[in-house]
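**Student:** Here it is: the structure, laid out below.
The values are calculated or read from the model by the stated rules, or taken from the named source; none is laboratory data. Quick caveat: nothing in here was measured; it's all calculated off a predicted structure. Please note: Cβ atoms are built from the backbone with ideal geometry, for glycine as well, and neighbour counts cover all protein chains shown.
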Amino acid sequence: MNPIHNLIVNTVKILPKSLIYLFAKKYIAGKTLTEGVAVTKELNSEGITATMDILGESVNRREDAVSFVNQFLELLDRIESEKLDSNISTKPTQFGLEIDFDFCYEQYEKIIERAKKYNNFVRIDMEDSSTTDNIIKLYKKLYEKYPDNVGIVVQAYLYRTLDDIRDMNKVKTDYRICKGIYIEPEEIAYKGREEIRDNFIAALNLMLDDGCYVGIATHDKPIVDRAYKIIADRNLTPDKYEFQMLYGVTEKLRKQILDDGHKMRVYVPFGEQWHFYAVRRLQENPQLAWTMFKGFLPFGN
């Protein structure tokens, strides 16, 4: 991010939450489960599947992790009762990964048991690089018990990702491949746009080589175009892959992919801890932050 964009984002971050929410709600389904359900129903009506997520991460108290588990159990119950076309996305640090690995595993067991009951699916998100080894370890252990109900995310900008895929391909992992959002040192992560794109495509090919199901999570048109070619060259049927996007992002491209006959899944985040997620989206989209900033200046309108 250039210095001007950085200044704008940092300025917006200190605005009252109520003001930030007016703009950030473009990316957030709401603060409550009911609001999240309403957005998911709307997406489903457009032929779009969802992955719902109660926002929160980096929990450092066991009671908070248990509270989140109970919220996700309620979410799975609601998905089932409302007959929503949605699975769920989760962050391991939300369930105590940074407190104790075994404790975190036990929390995931509760969630995946409920998902299994409903023939549903739990996606384990990837977080910053300090957690990568433990998240992969967690996924492998859960996969042994719930092979049909759990999958993982990998990030294309990390040097290690292709080796991680070669390892996890041994069990026909269900993947989401994304570029990666966390700020990582250049010693472990690609920084150039093209090299990240190239590694993304190399990762996608590697997953498909071993018959793994892949969620192609991107808003980058060049990656979409290259993925289209891979799909055509391999003559892939729609049950082998899907495209995934964030709620509120590149909606025209999302519609184009859907109109082209590909499955589309949208990430639907909601919850009381929306602020951190919203600021991250603003950091990704400084133009939106600038629009917000201008709106609060005397000459802004």
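**Student:** Looking at region 229-251, I want the residues that are within 24 Å of Ser89 (Cα to Cα) and at pLDDT 95 or above and have a partner that is of a type outside the set (A, V, I, L, M, F, W, C) and assigned to a helix (DSSP H, G or I) with Cβ atoms under 9 Å, at least 6 apart or on another chain. Which pairs are those?
**Tutor:** Going by the 9 Å Cβ cut-off, the qualifying pairs are Lys240/Arg234; Phe243/Arg254; Met245/Glu251; Met245/Arg254.
**Student:** Follow-up. Go through region 19-75 and count every residue that is more than 22 Å from Gln244 (Cβ to Cβ) and part of a helix (DSSP H, G or I).
**Tutor:** The total comes to 18.
**Student:** May I pose another question? Could you please tell me which pairs satisfy a Cβ distance under 7 Å, a separation of 6+ or placement on different chains, a first residue in region 151-171 that is assigned to a strand (DSSP E or B), and a second residue that is of a type in the set (S, T, N, Q)?
**Tutor:** Gly151/Thr173; Ile152/Thr173; Val154/Thr161; Gln155/Thr161; Leu158/Ser129
**Student:** Regarding region 200-211, can at least one residue be identified that is part of a loop (DSSP other than H, G, I, E, B) and modelled with pLDDT of 95 or more?
**Tutor:** So far as region 200-211 goes, yes, one or more of its residues are part of a loop (DSSP other than H, G, I, E, B) and modelled with pLDDT of 95 or more.
**Student:** Which members of region 76-112 meet the condition of being among the aliphatic types (A, V, I, L, M), part of a loop (DSSP other than H, G, I, E, B) and within 17 Å of Thr49 (Cα to Cα)?
**Tutor:** Leu84 - this is the single residue of region 76-112 that is among the aliphatic types (A, V, I, L, M), part of a loop (DSSP other than H, G, I, E, B) and within 17 Å of Thr49 (Cα to Cα).
**Student:** So is Thr34 under 16 Å from Glu272 (Cα atoms), surrounded by fewer than 14 Cβ atoms within 10 Å (Cβ to Cβ), out of contact with any Leu (no Cβ under 6 Å at 6 or more places or on another chain) and at pLDDT 95 or above or not?
**Tutor:** When the stated conditions are applied, Thr34 passes them.
**Student:** Could you look through region 225-273, keep only residues that are closer than 14 Å to Ile48 by Cβ and among the aromatic types (Phe, Trp, Tyr), and pick out the one that is surrounded by the fewest Cβ atoms within 10 Å (Cβ to Cβ)?
**Tutor:** Looking at the filtered set, the residue picked out is Tyr267.
**Student:** Does Ile216 meet the test of being assigned to a helix (DSSP H, G or I), surrounded by 14 or more Cβ atoms within 10 Å (Cβ to Cβ) and among the β-branched types (Val, Ile, Thr)?
**Tutor:** Considered against the rule, which asks whether it is assigned to a helix (DSSP H, G or I), surrounded by 14 or more Cβ atoms within 10 Å (Cβ to Cβ) and among the β-branched types (Val, Ile, Thr), Ile216 comes out as no.
**Student:** Please find, within region 43-57, the residue that is nearest to Asn120 (Cα to Cα) out of those that are of a type in the set (Asp, Glu) and surrounded by fewer than 22 Cβ atoms within 10 Å (Cβ to Cβ).
**Tutor:** Going through the qualifying residues, I end up with Glu46.
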